[in-house]
Each structure stands twice: as C-alpha cells, then as structure tokens.
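Enquirer: Before I ask anything, let me first share the structure, which is written out below as structure tokens.
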Amino acid sequence: MGRFSRHSPDWSRQGWRHRRKFIILIVLAALAMGFVLTNRGPLIPPNQSARQHQATETATKPPIETPAGLEEVTMSAELLEQHPFIYAGINLEKIYELNLHSRTFTADGEIWLEWLPNVDKLLKANNTDPAELIHLTNRIETWDSTFEPTTKTPTELSGGRHQQSYHFSSRFYDDAVDFRRDPFDVLRLPIIVELKPRWTSQKYADIRLLPEPTPYGLVGALGSLSGYELKSVSFTPYLRQATNQLGTWYRPTLAQVRLELNYQTNLWPGIVNWIIPLMIINSIVLMAPSVEGTLSDVRLAIPSTALLTLIFLQQSYHASLPKIPYTTFLDDLFTTSYLISMALFALFTWGYNSFAAASEADKPKAIKMINRADLTFQIISLSLLVLTGFISWGVR
C-alpha cells in the first residue's frame, strides 16, 4: 500500500532510484508539453507593424480552410475576361467588444467598390442604386449600427471607371469560431461583403466580386485585440449558393469577399491560468503513492480531493466559453486527469485491503507488490497524460 517499510536501507536505495526516474519523467513530460504548445506557427514579429505584415501575408498566405457552403474563386486572367467583375477594398479601422459567449464582435471601417463601364451599364439597365449594391451578411443588431455610402453618387475615375465608398460601424457574428485547441486556439473573425441584387447571381449577369489587386493596409493601427496577437489577414473571394430558392425558381449563387483576421491567443496567460493549475493537481496525484503507507486516511483523501478540485476548475474554465458540441484540448487533459484520480483511488483501496488481508509472514511480500504497483501507476499515468496532450493537439 505505497511506500511501506521506509526505514530499511534497501528500500532507501530503491526508493531513491525510483524517485530519480520519476523526476526525470516529469521533466521530460514538461518539456514535451512545452514543445507541443510552442509549435504553433509564426506570429507577426513585434518589430513589424500589422500593415507591413499584411503586404507579405496577402501575397504568400498559407492555405486557409474554405468555410462550409462556399466555393473559393481563383483569381486569373481568364476569369476577368469571361465575367464582369467589381473590385472591392476594405480598411478595418478598429475591432473591439469581442464576446465569445455570443460569438460577436464590433468593427469600424471603410469599404470601397470599383467597376468598369460594362458593369456600370448593367447597374443602369437594372435600375440598381450603387448604394444598395452590397450588404454585410454577418452584420447583426442593425438598429444600433451604421452601414452607409460616404457619397450620394459614385465617384467617376479615369477610363470610365466608377468608385463607391461605404462606412460601417457595426456588430458582427463570427461564423468561423473554433475552440478545439482552446486555450491556445486561433480566433478567426470574418467580415463578409456580398453582392445584394439577385440579378448579379450566376443565373443572370454572373458578376464576380473580387479583392482589389493591391490590398495593402487591410487593418489599421487599432486592429488589435486584448489577449490576442494578430497572426494573419486574408481577403478572399467566394461564391455562395443560397440554401433555398428564396421565393424564385432557382437557387441564387452570389459573389462575396471575406476579410478574415486570424488572432492567436497569447501562450503564457493560457499556461498560467489553466495548464499550471492542472499540472499542479496532477503532480500531487502522481506523487501521492509516495506518501507513507501507514497514513491510509491521508492517502485515500488525496484522489477524492483532486477530483473535486478538477471539477471546480473545469467548471470555471467552461464559464468563459459558449456552449460547444465538441471537447477542447484542455477538456481532453481534464478527462485524462479524472481517470488518473479515479484509478489512484482504486489503487489505494486495493493496496490497503491487500495489506490488511495479508498475514504477518506475507506482509513483506505484499509491501513489495504494492510498491511495484505504485511505481507502475505513476509511470503509466504520466505517460498517458503526455500522450493525451500529443494526440489531442495533433488531431485538432
């Protein structure tokens, strides 16, 4: 039942060897977990502004998973020849009031559209006011927000081109939020600009909404969020097919562009707030078999106390998250910690009963068996915890 007969020289030598191996395992486990958490890709360097980073990021951005229900549009010379198109630009001045529970945020900025004479003819033929040409599809709480053109009529540019600018200050719904790697997840905040008139769909004019060729400065100086670091910015064109016919005889497929800001949670606060407390509880649980075997009441109290602490800690963790239909990275660590604490209680119960049932002649043999089981439990539990971290992080 744990480390019985502690005063024998043989036990002292064996105990020291076992403790040394266990300490080495703990250090290796900490290093492994640190490697998993720090291997998350580059963030914007501290000495590089977000504006400078965006020019490089837009040209060489890594592939981003296409949102469900959308078809990404590939920019090409053939596309520009076959379809009428409208260029779109955006400058996000500031972003604030992030609410993870409601999956919403507030943003202010400017949007501008630029089109050629052939598109201008289509607008006039369909009696479409340029002020009503686009809408923000994930905009909510319209009663307390602004989305309006900055000029009454489009500005005429050289070569017969026209430009219309809009100002927005609104609350948006985040349809791309994902907490699977929480508390070290990447937060994706989208602003979706979509053509509004039905006649622009693929069935008729098939107008494409495309990002302007030089989309520099997508985010202004106030585009930062407290507790997050801006990782990347993308401005990507898509086609979205409506989920039903919307009162027509066909399902409209409309063009849109999505500004997506990818924010990475700061590593250190997540470690301090959640990982370290969880590791402290697990360390106490894993060291519990080293407690003197005669202190059976203390030993049996450790796993039950650890279980209660884990429950309260996980409840506190989920209080900061919305309801989600999947488990997070930290949830998987909690689950493994629960199993380890339950197994420890079963181990102590078995050890105490085995020692109490053994005769005086068999007690040394029982002590040896229990000590060996304790050490095996420590090694397996620590390995299981590290393995859970690797697997949970890798599959998300």
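The values are calculated or read from the model by the stated rules, or taken from the named source; none is laboratory data. Fair warning: this is a prediction, and the values are worked out from it, not measured in the lab. Neighbour counts run over all protein chains shown; Cβ positions are idealised from the backbone, glycine included.
Enquirer: Is there any pair with a first residue in segment 333-349 that is closer than 11 Å to PRO303 by Cβ and of a type in the set (D, E, K, R) and a second that is surrounded by fewer than 19 Cβ atoms within 10 Å (Cβ to Cβ) and modelled with pLDDT of 95 or more whose Cβ atoms are under 6 Å apart and which are 6 or more apart or on different chains, and what are they?
Expert: none
Enquirer: Kindly indicate which of ILE271, ILE284, ILE275 is closer than 30 Å to TRP350 by Cα and either modelled with pLDDT of 90 or more or not in a helix (DSSP H, G or I) (or both).
Expert: Numbers: ILE271 fails: closer than 30 Å to TRP350 by Cα; ILE275 fails: closer than 30 Å to TRP350 by Cα.
Being closer than 30 Å to TRP350 by Cα and either modelled with pLDDT of 90 or more or not in a helix (DSSP H, G or I) (or both) holds for just one of ILE271, ILE284, ILE275, which is ILE284.
Each row is one residue, and each column tells you yes or no for (1) part of a helix (DSSP H, G or I); (2) farther than 30 Å from TYR317 by Cβ; (3) not acidic (Asp, Glu).
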site	(1), (2), (3)
ASP331	yes, no, no
THR335	yes, no, yes
SER341	yes, no, yes
PHE345	yes, no, yes
GLU360	no, yes, no
MET369	yes, yes, yes
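Enquirer: Continuing with this model, one more query. In the list LEU122, LEU187, which residue meets the criterion of being in the same structural domain as TYR87 (by TED's automatic domain parsing), crowded, with 16+ Cβ neighbours inside 10 Å and either among the charged types (D, E, K, R) or closer than 30 Å to ILE324 by Cβ (or both)? Walk me through how you get there before you give the answer.
Expert: Values: LEU122 fails: either among the charged types (D, E, K, R) or closer than 30 Å to ILE324 by Cβ (or both).
Answer to the check: LEU187.
Enquirer: Out of the residues in segment 190-209 meeting the condition of being more than 16 Å from LEU70 (Cα to Cα) and touching an Asp or Glu at 6+ places or on another chain (Cβ under 9 Å), tell me which one is surrounded by the fewest Cβ atoms within 10 Å (Cβ to Cβ).
Expert: Here the answer is LYS196.
Enquirer: Would you mind listing the strands (runs of 3 or more DSSP E) fully within segment 128-217 where at least 1 residues are touching a helix residue (DSSP H, G or I) at 6+ places or on another chain (Cβ under 9 Å) and at negative phi? Before the answer, list the steps.
Expert: Numbers: elements: 134-136, 146-149, 162-173, 186-195, 208-211.
Hits in segment 128-217: 146-149, 162-173, 208-211.
Enquirer: Say whether the condition of being small (Gly, Ala, Ser), under 30 Å from ILE134 (Cβ atoms) and modelled with pLDDT of 90 or more is met by at least one residue in segment 252-264. Walk me through it before giving the result.
Expert: Keep residues of segment 252-264 that are small (Gly, Ala, Ser), which gives 255.
In the following step, the residues that additionally are under 30 Å from ILE134 (Cβ atoms) were identified as 255.
Then drop every residue that is not modelled with pLDDT of 90 or more, which leaves 255.
Looking through segment 252-264, at least one residue is small (Gly, Ala, Ser), under 30 Å from ILE134 (Cβ atoms) and modelled with pLDDT of 90 or more.
Enquirer: Which of the residues that make up segment 262-320 are under 30 Å from ILE370 (Cβ atoms) and among the polar types (S, T, N, Q)?
Expert: ASN282, SER283, SER290, THR294, SER296, SER304, THR305, THR309
Enquirer: Hey, another quick one. Can you say whether TYR96 is closer than 22 Å to THR214 by Cβ and either touching a strand residue (DSSP E or B) at 6+ places or on another chain (Cβ under 8 Å) or surrounded by fewer than 20 Cβ atoms within 10 Å (Cβ to Cβ) (or both), as far as the supplied structure shows?
Expert: When the stated conditions are applied, TYR96 does not pass them.
Enquirer: For segment 229-268, give me the residue count where each residue is within 30 Å of SER316 (Cβ to Cβ) and assigned to a strand (DSSP E or B).
Expert: 8
Enquirer: Suppose we filter segment 215-232 for residues that are in contact with a Ser or Thr (Cβ under 7 Å, 6 or more places away or on another chain) and closer than 25 Å to ILE86 by Cβ; how many remain?
Expert: Selection size over segment 215-232: 1.
Enquirer: Between a first residue in segment 302-320 that is free of Cβ contacts under 8 Å to residues at least 60 places away in the same chain and aliphatic (A, V, I, L, M) and a second residue that is surrounded by 12 or more Cβ atoms within 10 Å (Cβ to Cβ) and outside any helix (DSSP H, G or I), which pairs have beta carbons less than 8 Å apart while being 6 or more apart in sequence or on different chains?
Expert: ILE302/VAL291
Enquirer: Residues of segment 358-396 being polar (S, T, N, Q), within 16 Å of PHE348 (Cα to Cα) and buried (at least 18 other Cβ atoms within 10 Å of the Cβ), which ones?
Expert: If the condition is that a residue be polar (S, T, N, Q), within 16 Å of PHE348 (Cα to Cα) and buried (at least 18 other Cβ atoms within 10 Å of the Cβ), then ASN371, GLN378, SER381 are the ones that fit.
Enquirer: If a residue must be out of contact with any helix residue (DSSP H, G or I) (no Cβ under 8 Å at 6 or more places or on another chain) and of a type in the set (A, V, I, L, M, F, W, C), how many such residues does segment 251-278 contain?
Expert: Number satisfying all stated conditions: 6.
Enquirer: Another question about this same structure. Is segment 148-166 home to any residue that is small (Gly, Ala, Ser), under 26 Å from the mean Cα position of the chain (by Cα) and modelled with pLDDT of 90 or more?
Expert: Going through segment 148-166, the residues small (Gly, Ala, Ser) turn out to be 158-160, 165.
Next, from what is left, pick out any that are under 26 Å from the mean Cα position of the chain (by Cα): none.
Within segment 148-166 (the criterion being small (Gly, Ala, Ser), under 26 Å from the mean Cα position of the chain (by Cα) and modelled with pLDDT of 90 or more), the answer is no, since none of the residues qualifies.
Enquirer: Right, next: Among the listed residues TYR326, TYR317, TYR338, which satisfies the condition of being crowded, with 19+ Cβ neighbours inside 10 Å and either among the β-branched types (Val, Ile, Thr) or under 34 Å from the mean Cα position of the chain (by Cα) (or both)?
Expert: On the way: TYR326 fails: crowded, with 19+ Cβ neighbours inside 10 Å; TYR338 fails: crowded, with 19+ Cβ neighbours inside 10 Å.
Sole residue among the options that is crowded, with 19+ Cβ neighbours inside 10 Å and either among the β-branched types (Val, Ile, Thr) or under 34 Å from the mean Cα position of the chain (by Cα) (or both): TYR317.
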